[in-house]
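These notes are about the structure you will find just below.
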Amino acid sequence: MPPRKAVREAPKPVFSEVEIVAIQEAIEPLDRVAVEMEARWGAGRLPRLVTPETAARFGAAKAKLDAAIMARDVQDVCRRAGVMIRGWQAMDREARERGADTWEGRAIGIRWNGQEWAIVWDRADLPLICQQSRAPERTIAAAELLHAWRSLKDRIAGIDEARKVFPGGEIVRVNFPDGGDDIPF
């Protein structure tokens, strides 16, 4: 009798569609609070402005949320997201009580491509924000971004027309066939 071939089942997805949607919706309010706090204080900066104990509790809460997400436990994700929201609010309160300066009106802290960035509105505030930032090399004045944008527009024909046709559209990648010019400092 010939040997039987083993039948392989298709691998099951790591997350079902229902789990993905439920988890995304559960963490959406947390994401809004995190974006608000990082805009106010700078990306990654707030835990450094509170006591080590508060920062440790926040870090532990984040690890527990991550574990709940990986376990696909939607109810636990909901509970842990609520804990994280309260954690952000507690750090905000504590940092204010300790007299820490926010970046409100001076700069915005964001995460982009997995990195922390600070965009400073007034170039005069750049030295202060660089000093307070975890990544001074990714702290940039708004005017610098506008200069870069103008240079980009000069190299891409039709960019203004495309933005009129697709208002709110996003440029996600630019490829220059010649490798681009050196940045004029």
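The values are calculated or read from the model by the stated rules, or taken from the named source; none is laboratory data. All figures in this text were calculated on a predicted structure; none of them were measured in a lab. Neighbour counts are summed over all protein chains in view; Cβ atoms, including those assigned to glycine, are modelled from backbone coordinates with ideal geometry.
Overview of values
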item: Residue among Arg93, Arg80, Arg86 that is within 24 Å of Ile129 (Cβ to Cβ) and either at pLDDT below 95 or in a helix (DSSP H, G or I) (or both); result: Arg93
item: Qualifying residue in region 133-144 (condition: farther than 29 Å from Asp31 by Cα and either in contact with a Gly (Cβ under 8 Å, 6 or more places away or on another chain) or not assigned by TED's automatic domain parsing to the domain that holds Met37 (or both)); result: no
item: Out of Arg79, Arg96, Arg111, sole residue that is free of Cβ contacts under 8 Å to residues at least 12 places away in the same chain and closer than 30 Å to Glu17 by Cα; result: Arg79
item: For Gly105: the one exception among (1) within 24 Å of Asp31 (Cβ to Cβ); (2) without any contact (Cβ under 8 Å) to a residue 60 or more places away in the chain; (3) surrounded by 12 or more Cβ atoms within 10 Å (Cβ to Cβ); result: (3)
item: Filtered residues of region 96-133 (kept if out of contact with any strand residue (DSSP E or B) (no Cβ under 6 Å at 6 or more places or on another chain), of a type in the set (Phe, Trp, Tyr) and in a strand (DSSP E or B)); result: Trp112
item: Subset of region 106-126 (residues that are within 17 Å of the chain's Cα centre (by Cα) and not charged (D, E, K, R)); result: Ala107, Ile108, Gly109, Ile110, Trp112, Asn113, Gly114, Gln115, Trp117, Ala118, Ile119, Val120
item: Arg138, sole failed condition from (1) closer than 18 Å to Met37 by Cβ; (2) surrounded by 13 or more Cβ atoms within 10 Å (Cβ to Cβ); (3) under 18 Å from the mean Cα position of the chain (by Cα); result: (1)
item: In region 54-75, the residues that are within 13 Å of Ala26 (Cβ to Cβ) and touching a residue at least 12 places away in the same chain (Cβ under 8 Å); result: Leu65, Ala68, Ile69, Arg72, Val74
